[in-house]
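Below: one structure, written as structure tokens.
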Amino acid sequence: MKFKEPHMEAQFLSRPLRLLEVCKEFEDLSEAFGIEPVVTRVTDPVEGESGVHPAGRAVDFRDEHDGVLMYTDAQTAAIVEYLNKKFERGDGKPVCLHHSFQGGQYHWHLQTPIEWGKGDNHA
């Protein structure tokens, strides 16, 4: 796993264990497809966001870079289906989204519910 910016590694390592577990599964799936995942955002704020990143409940990974996607459509579908089935949330929301935020580049957004982080500050 790589990090877009050096400071993101420390942010990443201090995430709740359940979020790190989801990220590890994503990393394993990516590597099975021959792709080294790149963390592009952990807790740094972005204008217009919902606040889940600064709250420490989400991690983003790169897919699109300079207009080129790293994952095929089939790989994307397989990862989304697998992670959302394995880490099913009780609130009906997905753990794994593959999307573009405010017209930006496509990326993977992995997010856990508040309950999954209670009593579990970090690894």
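Taken together, the values in this text are just the output of simple stated rules run on the coordinates, not laboratory data. The model shown is predicted, which means the values in this text are computed figures rather than measured ones. We place every Cβ from the backbone using ideal geometry, glycine too, and count neighbours over all the protein chains shown.
Need one number: % antiparallel among DSSP beta bridges in the chain, to the nearest 5. Spell out each step's value before the answer.
On the way: 14 of 16 bridges.
That works out to approximately 90 percent antiparallel.
Based on DSSP H runs of at least 4 residues, each adding -39500 (n - 2.57), what is the mean residue ellipticity at 222 nm of the chain after dividing by all its residues, to the nearest 500 deg cm²/dmol?
Counting only the DSSP helices, I get -9500 deg cm²/dmol.
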Between (1) 1.21; (2) 1.04; (3) 0.99, which matches Cα Rg over 2.2 N^0.38 Å calculated for the structure shown? (3)
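Based on other C-beta atoms within 10 Å, arrange Tyr106, Tyr71 from fewest to most. Could you put the intermediate results ahead of the total?
Values: Tyr106 16, Tyr71 22.
Listing Tyr106, Tyr71 from fewest to most nearby Cβ atoms yields Tyr106, Tyr71.
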Just want the ordering: Thr112, Thr43, from fewest to most Cβ atoms lying within 10 Å of their own Cβ. Thr43, Thr112
Neighbour cut-off at most 11 other Cβ (10 Å), DSSP loop, trypsin sites (Lys or Arg not before Pro), the range 33-123: Lys118
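Within the chain, which is the longest segment containing none of the GluC sites (Glu not before Pro) that sit in a DSSP loop and have at most 16 other Cβ atoms within 10 Å? Before the final figure, lay out each step's value.
Numbers: sites that count: Glu47, Glu49, Glu88.
Looking at the chain, 1-46 is the longest stretch - no exposed GluC sites (Glu not before Pro) with at most 16 other Cβ atoms within 10 Å.
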Pick out, from Pro6, Ser30, Pro94, the residue whose Cα sits farthest towards the positive end of the charge dipole of the chain, with +1 on the Cβ of Lys and Arg and -1 on the Cβ of Asp and Glu. Pro94
